[in-house]
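Enquirer: Below is a structure I'd like to ask you about.
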Amino acid sequence: MKRFALNAVGLLVALFAVFPVFWMISTSLKPNREIFSATPQPVPREPTLQHYRNILSGDLIPGVSFTDFFINSAIVAIATVLLSGLLALLAATAVARFRFRLRTAFLVMLLVVQMIPLEALVIPLFLMIRRLGLYNQLPGLVLVYLGFSLPFAVWMLRGFVAAVPRELEEAAAIDGATRWQAFWRILLPLVAPGLVATSIFSFITAWNELIFALTFISTEDRYTLPVAMTYFFGRDDTAWGPVMAASTLLTLPVMIFFVLVQRRMVSGLVSGAVKG
Amino acid sequence: MTTLTTPSRGAAARDTTPARRPRRRGSPLPYLLLLPALLVIAVLLLWPLGQVVAMSFHQLGIRQLRGDREWPWVGLGNYAEILGDPFFHTVLRNTVLFAAANVVLTMILGTLVGLLLNRLGRRMSTFVGSCVMLAWATPALTGTIVWKWLFDDTSGLVTWLFNQLPDGLSQALFGRADWSGYGWFNSPLTFFSVLTLVVVWHSFPFVAVSVLAGLKSVPAELHEAARVDGAGPWRVFWSVTFPLLRPVFGILVVLSTIWDFKVFTQQYVLAGGTQDRSTFMLSIYSYSMAFSPPPKFGLGSAIAVILTVILLVVTGLYVRMVLRQEEES
């Protein structure tokens with residue numbers, strides 16, 4: 001009986017957590033007459049991909065195809081991932097493999113800068129990006145996202161580098177490998193899974209970001225997906241079919257990646273807080 | 001997504017082992033490896049942070065944006081103007097009340113779900129845990145848009161549900177029987193209620209999963225012993241579980257406070273922009289001051305600095321906690 005009650009509560013919690021996501025996908029597949037019907041149906045009776053076709057082909061808003069925004073978002077996110085992964089790997093190697101005077105200071109700084117409310121930096125970064133001539137340029141966005149994702153990437157990656165036994169590199173050195181070869185042939189392949197996990201976080205940071213993209217990009221052809229969504233659908237619009245289709249397109253990549261790394265995320269976030 | 005972290009235990013342990021190769025000390029290589037990352041952090045985070053403080057002491061507007069290099073110094077003028085504005089007090093009150101309510105609700109719901117996940121059978125626990133993860137994984141933007149659709153005043157599911165209530169009951173409880181066309185986002189009270197729902201929905205999974213991780217590390221015997229001694233669930237939680245997980249709860253409260261204080265995306269999307277001043281909180285107030293015409297970058301910066309200082313105090317607590325744990329482990 002008690003087991004039954006617990007399971008029932010568990011199902012309620014699961015429903016609360018999942019329902020909005022389910023409703024988003026379900027709505028995106030319904031024809032308009034079902035979306036706006038007087039009695040809502042949980043699943044589409046006559047599922048259709050028309051909303052996806054409409055937003056991707058540019059029929060909905062003449063000349064505006066969400067494919068372009070999708071590509072812009074992907075370019076920005078991938079560039080951020082590559083740069084942030086490279087710089088984080090270098091810094092993480094320095095912190096995990098060397099003792100030097102400013103090491104602790106650097107680590108404390110990493111912790112502190114992650115607490116800076118990015119919302120407070122919109123104004124100075126906006127003026128800086130303008131002065132650099134990067135206003136309304138995708139590289140400008142890549143630059144700020146690199147700054148946002150790097151501290152966490154270094155922090156996360158240093159654990160992975162530290163977990164690779166130093167002896168492996170030492171053995172390689174004895175066998176005559178240069179330091180560069182030891183890094184390239186030994187350390188890098190072993191750190192690769194950590195690099196993938198770290199990259200996914202950087203990807204999600206860049207892919208989801210709204211405020212800076214909203215402020216730094218001014219012409220339609222350069223919109224990222226989040227900006228396009230707030231721009232075309234943000235104003236008392238009730239075209240819920242296309243809105244939900246676009247939302248689903250924006251959400252799915254994040255969800256897939258998130259599921260891949262969520263274990264690491266939790267252990268990275270709170271491990272060390274409890275001593276068993 | 002802003003993600004924050006404490007060091008993993010393995011890495012921390014390794015860090016405290018003495019260097020095996022003291023001759024590496026003084027080598028320029030580690031500094032070379034750090035240089036690019038340091039540059040990026042300095043230019044994109046630390047410099048702008050300094051800038052925003054500097055800007056808060058100047059009068060900056062459209063002329064500076066157009067390239068006028070001169071920044072008229074106004075000292076504490078911006079702060080005086082903001083602190084003297086009754087509207088700022090409304091905004092500050094909104095922010096503090098909202099953050100407090102959200103932290104409390106997130107912590108309570110998250111902890112309860114964490115405890116529940118720990119009690120459920122293996123399969124059920126995995127299933128519910130995965131569902132909860134999906135809420136966490138949903139981007140703030142799309143999560144908010146879906147809730148906005150659920151609360152749509154004509155075809156939204158919530159509006160429909162309220163319409164299904166017996167008219168008499170609905171009339172007695174809420175003073176209205178027909179919910180079609182009810183503007184959920186028009187009054188600050190209902191707006192903040194929906195916003196709270198959205199933010200708690202987004203953030204309770206993190207608390208739940210963290211509490212679960214903490215519970216797994218507590219030996220089950222402790223709970224059994226307490227139960228054998230006749231303690232009820234309430235008593236077991238406050239006398240056994242809570243003291244053992246105190247460090248986890250501490251960090252979770254601090255992180256939630258930081259996140260809930262600077263909520264922007266959810267608010268921006270739910271309010272449909274920056275027109276609705278009655279629901280402003282600090283981060284959106286600062287943004288609209290700077291980017292709604294006419295631009296007032298100095299005033300916006302001053303508000304941003306006030307927000308940052310509040311968060312810095314909370315962060316100070318957090319860093320102290322992390323460092324103390326590093327020392328202990």
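Enquirer: As I understand it, the dipole of chain B uses +1 on the Cβ of Lys and Arg and -1 on the Cβ of Asp and Glu, about the Cα centre. Which of B:GLY67, B:PHE191, B:GLY181 lies farthest toward its positive end?
Expert: B:GLY67
Enquirer: Out of A:VAL64, A:GLY133, A:GLN114, whose Cα points farthest toward the positive end of the dipole of chain A (charges: +1 Lys, Arg; -1 Asp, Glu; placed on Cβ)?
Expert: Sorting the options by dipole projection puts first A:GLN114.
Enquirer: Related question: Among the complete DSSP H segments of chain A, which ones combine at least 27 Å of alpha-carbon extent along their axis with a mean Kyte-Doolittle hydropathy of 0.0 or more?
Expert: The answer, listed by residue number, is A:2-28, A:66-97, A:138-163, A:188-208, A:240-270.
Enquirer: Same structure again: Excluding A:ALA182 itself, calculate the net charge of residues whose Cβ lies under 13 Å from the Cβ of A:ALA182, where each Lys or Arg counts +1 and each Asp or Glu counts -1.
Expert: Charge balance near A:ALA182 sits at 0.
Enquirer: With N denoting the number of residues in chain A, provide Rg(C-alpha) divided by 2.2 N^0.38 Å, to two decimal places.
Expert: Chain A yields a ratio of 1.24.
Enquirer: Can you compute the charge dipole magnitude of the stretch B:39-328 about its Cα centre, using +1 on each Lys and Arg Cβ and -1 on each Asp and Glu Cβ, nothing else charged? Give it in debye, rounded to the nearest 20.
Expert: Rounded to the nearest 20 debye, it is 280 debye.
Enquirer: Would you calculate, for chain B, the mean residue ellipticity at 222 nm contributed by helices, counting each DSSP H stretch of 4 or more residues as -39,500 (n - 2.57) and dividing by all residues, to the nearest 500?
Expert: -22000 deg cm²/dmol
Enquirer: Using mean Cβ contacts within 10 Å as the protection proxy, how do B:292-299, A:240-247, B:108-115, A:104-111 order, highest first?
Expert: Sorting B:292-299, A:240-247, B:108-115, A:104-111 by mean packing, highest first, produces A:240-247, B:108-115, B:292-299, A:104-111.
Enquirer: How far apart, in nm, are two points set 7 Å out from the Cα along the Cα-to-Cβ line at A:LEU132 and at B:VAL104?
Expert: 4.3
Enquirer: Would you please report the Å³ per residue occupied by the convex hull of the alpha carbon atoms in the protein assembly as shown?
Expert: Considering the Cα atoms of the protein assembly as shown, their hull volume per residue is 187 Å³.
Enquirer: Dipole of the stretch B:39-328 (Lys/Arg Cβ +1, Asp/Glu Cβ -1, origin at the Cα centre): which of B:LEU105, B:VAL128, B:ALA80 lies farthest to the positive side?
Expert: Farthest towards the positive end: B:VAL128.
Enquirer: Let me know the mean shielding of B:120-133 by other chains, meaning the per-residue number of their Cβ atoms within 10 Å of its Cβ.
Expert: Neighbouring Cβ atoms belonging to other protein chains average 5 per residue here.
Enquirer: Bin by bin, in steps of 5 Å, what percent of the Cα pairs in the stretch A:1-43 do you find, going until the bin that has the longest distance?
Expert: Whole-percent P(r) values from 0 Å outward: 6, 21, 20, 15, 12, 12, 8, 5, 1.
Enquirer: In nm, to one decimal, how far is the B:ASP153 label point from the B:SER187 one, both placed 7 Å along Cα→Cβ?
Expert: 1.3
Enquirer: Report, largest value first, the span of the C-alpha coordinates of the stretch A:114-177 along each principal axis, in whole Å.
Expert: 52, 26, 14
Enquirer: Still on this structure: Going by amide H atoms built from the backbone, whose H comes under 5 Å of the H on B:HIS58, apart from near neighbours?
Expert: Sorted by chain and number, the residues that satisfy this are B:VAL74.
Enquirer: To the nearest 20 debye, what charge dipole does chain A have about its Cα centre, counting +1 at the Cβ of each Lys and Arg and -1 at the Cβ of each Asp and Glu?
Expert: With only Lys, Arg, Asp and Glu charged at Cβ, the dipole is about 980 debye.
Enquirer: Next question. I'm checking a number: the convex hull volume of the Cα atoms of the stretch B:39-328, normalised per residue, in Å³. What is it?
Expert: Taking only Cα atoms, the stretch B:39-328 has a hull volume of 197 Å³ per residue.
Enquirer: Which net charge results for the neighbourhood of B:LEU307, defined as the other residues with beta-carbon distances under 13 angstrom from its beta-carbon, given Lys and Arg at +1 and Asp and Glu at -1?
Expert: Net of charged neighbours comes to -1.
Enquirer: So what is the relative contact order for chain B, in percent, with contacts set as C-alpha pairs under 8 Å and at least six apart?
Expert: Worked out over chain B, it gives 28 percent.
Enquirer: Now for a separate question. Applying 1/(1 + (r/R0)^6) with R0 = 22 Å to the Cβ-Cβ distance of B:PHE174 and A:PHE36, what FRET efficiency is obtained, to the nearest 0.05?
Expert: Computed FRET efficiency for B:PHE174 and A:PHE36 comes out at 0.35.
Enquirer: Moving on. Using only C-alpha atoms and all pairs of different ones, pull out the Kirkwood radius for the stretch A:1-97 in Å with one decimal.
Expert: In the stretch A:1-97 this quantity evaluates to 18.1 Å.
Enquirer: Still on this model: Hey, can you list the DSSP H helices of chain B whose Cα span along the axis is 24 Å or longer and whose average Kyte-Doolittle score is at least -0.5?
Expert: Those that clear 24 Å and a mean of -0.5 are B:86-119, B:188-216, B:242-261, B:297-328.
Enquirer: If you stretched the chain out fully between A:ARG179 and A:SER57, how much longer would it get, using 0.36 nm times the residue separation minus the C-alpha to C-alpha distance?
Expert: 38.7 nm
Enquirer: Which of A:SER202, B:SER125 has the fewest other C-beta atoms within 10 Å, and how do the rest follow up to the most?
Expert: With the fewest neighbours first, A:SER202, B:SER125 line up as B:SER125, A:SER202.
Enquirer: Determine the distance separating the Cα centre of the stretch B:293-329 from the Cα centre of the stretch A:1-43; give it in Å without decimals.
Expert: Cα centroid to Cα centroid, the span is 39 Å.
Enquirer: Now, a different point. May I ask you to compute the full-extension gain from B:TRP73 to B:THR126, defined as 0.36 nm times their residue separation minus their alpha-carbon distance, rounded to one decimal in nm?
Expert: Between B:TRP73 and B:THR126, full extension yields an extra 13.2 nm.
Enquirer: To the nearest 20 debye, what is the magnitude of the charge dipole of the protein assembly as shown about its Cα centre, counting +1 on the Cβ of each Lys and Arg and -1 on the Cβ of each Asp and Glu?
Expert: In debye, rounded to 20, the protein assembly as shown gives about 2040.
Enquirer: Consider a paramagnetic label point 7 Å from the Cα of B:ASP167 along Cα→Cβ; state which residues of the stretch A:36-77 have an amide N under 14 Å from it.
Expert: The answer is none.
Enquirer: Where is the GNM fluctuation largest for chain A (alpha-carbon springs, 10 angstrom cutoff): A:VAL18, A:VAL64, A:VAL122?
Expert: Comparing A:VAL18, A:VAL64, A:VAL122 in a Gaussian network model of chain A, the most mobile one is A:VAL18.
Enquirer: Right, next: So what is the 222 nm mean residue ellipticity for chain A from helices alone, if each DSSP H run of at least 4 adds -39500 (n - 2.57) and you divide by all residues, rounding to the nearest 500 deg cm²/dmol?
Expert: Helices in chain A give a 222 nm mean residue ellipticity of -23500 deg cm²/dmol.
Enquirer: Percent relative contact order of chain A, based on C-alpha pairs within less than 8 angstrom and at least six residues apart?
Expert: 29
Enquirer: How long is the gain from A:VAL259 to A:ALA192 if the chain were fully straight, where each residue apart is worth 0.36 nm and the alpha carbon distance is subtracted?
Expert: Once the chain is fully extended between A:VAL259 and A:ALA192, it gains 22.3 nm.
Enquirer: Take every Cα pair under 8 Å in the stretch A:91-228 that's 6+ residues apart, average their separations, divide by the length, and report that relative contact order as a whole percent.
Expert: Relative contact order for the stretch A:91-228 comes out at 34 percent.
Coordinate-derived values only; no laboratory data. Not measured: the values here are computed from a predicted model. Heads up, the Cβs are rebuilt from the backbone with ideal geometry, glycines too, and the neighbour counts pull from every protein chain shown.
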